[in-house]
């Protein structure tokens, strides 16, 4: 694919030039003002959108800091222009609970399968690798709240731009095969997953998520021990992470060490009270709307993005260039990606890059020549193989989940 | 399968796999679903497991001074760093109150009920906005 240097992403970035003492920031940052002086700041296009680009998280490159503890790290968007697989050291990070083990010894680590099974099993990592058939799948991991910072009206939560997502080639074993080793008993209804992280307070509910037994045994849900050919970075879930292709990342439990087969529906906090969405198309409601049935978040929606042109970019009128980006179908593959350069007047089909698996990112590109000088609105829309398209208007809900509106950028031709 | 046949299969499989790899790597608008092919090709060297020890950076950020800053520093920082609060959009008094009560009721923050109002007013002071005249808060107060 041809690379166009004229459209390299322009980060709104400036060196932070506070002088020794950092007077204006000491109140806000306290002791870290000194460290912040060397930091690169990035303005995300939202109110209160200033973020530090940090490099001090282990096994990670430069990431946008949403929260230090427990870590919330966003992938800078220009990373998505580099290819469909997101490098491990730039893959976003999202933890709920701050007690995260910082040392994992594979010699003593065990994956426990228990509950409504014939015989409980505790597997070592070597047993997982040696005794089960390996399985590999490309899949997008996207935070339920990706793009929450663009909700209008704004809602509380992690204030992500569009970088709380990533695509990796996950390698490991099928969950089904591991469940079969323990022997699921008749009457099983759900499987519950938890990892090594815990809350700071004993009364904080442990992070646990559940899937229906048939979903857990569908042959696609898997336990990954490698990500893009390497062990997972610790903050992405080393040594094992649940992979639930097509579903939001809340189910992709990190540092997975506990699999519990349930013979009655899970009633834990994280399943019944958190991560609920309105049971409406696109989980969309009006602000303040009452009496809506709420259900657990589940399948992802289609999305597409520009990766080599940004809001406010200036293009040469009359000169040809290539606009490109990425798309994914959500819970199924991408059927087509549609592009318009006249605010939706006329849509044309973008050329799609190689298919690396229906749950992964797919690159798209279109040749573009803006003949008339002045403002132009470029828009991009993915349609998945189930026929579902991104909506014209932003979906909204109070938790800030599942944003998937058509993306647009306004550019200037001169 | 005889040894000969196995050899033949191997010899044939290599160019076929190469062909598949080339086709996938070069052909734009490829087949719509290659998940099965990817899964079938899963193999590679056995994973070597090494012990992993890392250090997570600490946050030294504190809340800006004001009436209620001591409560924020004493309570909010038990479970998360201050940046989470400071990077929120400006919220109304009702919305901040909702967030505080979520932390108390869902996550067990040991904040006495009679300090909720002081903390909420403090948060509005450092990162707030006027109550919308149009009624209910936009935030639904989930634990996520």
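The values are calculated or read from the model by the stated rules, or taken from the named source; none is laboratory data. All figures in this text were calculated on a predicted structure; none of them were measured in a lab. As a convention, Cβ positions derive from the backbone with ideal geometry for all residues, glycine included, and neighbour counts pool all protein chains shown.
Within segment A:38-67, track down each residue that is surrounded by fewer than 16 Cβ atoms within 10 Å (Cβ to Cβ) and on the phi > 0 side of the Ramachandran plot. Residue satisfying the conditions is A:48 alone. Residues in segment A:48-67 that are more than 9 Å from chain B (Cβ to nearest Cβ) and under 15 Å from residue A:94 (Cα atoms): A:60, A:63, A:64. Looking across A:130, A:114, one residue alone is under 30 Å from residue A:185 (Cβ atoms) and assigned to a strand (DSSP E or B). It is A:114.
Considering only residues in segment A:193-217 that are part of a helix (DSSP H, G or I) and touching a strand residue (DSSP E or B) at 6+ places or on another chain (Cβ under 9 Å), the one that is farthest from the other protein chains (Cβ to nearest Cβ) turns out to be A:213. The test for being touching a strand residue (DSSP E or B) at 6+ places or on another chain (Cβ under 9 Å) and more than 10 Å from chain B (Cβ to nearest Cβ) holds for residue A:40.
Yes or no: segment A:85-96 includes at least one residue that is under 30 Å from residue A:202 (Cβ atoms) and not in a loop (DSSP other than H, G, I, E, B). Within segment A:85-96 (the criterion being under 30 Å from residue A:202 (Cβ atoms) and not in a loop (DSSP other than H, G, I, E, B)), the answer is yes, since at least one residue qualifies. Taken over segment A:104-125, the residue count meeting the criterion of being at the interface with chain B (Cβ under 7 Å from one of its Cβ atoms) and free of Cβ contacts under 8 Å to residues at least 40 places away in the same chain is 1.
Among residues of segment A:340-353 that are assigned by TED's automatic domain parsing to the domain that holds residue A:378 and in a loop (DSSP other than H, G, I, E, B), those with a Cβ under 7 angstrom from a residue that is modelled with pLDDT of 95 or more and surrounded by fewer than 16 Cβ atoms within 10 Å (Cβ to Cβ), sequence gap 6+ or separate chain, pair up as A:343/A:377.
Just one residue in the set A:265, A:278, A:302 is farther than 19 Å from residue A:391 by Cβ and at pLDDT 95 or above; that residue is A:265. Here residue A:148 passes the criteria (1) touching a strand residue (DSSP E or B) at 6+ places or on another chain (Cβ under 8 Å); (2) in contact (Cβ under 8 Å) with a residue 40 or more places away in the chain except the one numbered (1).
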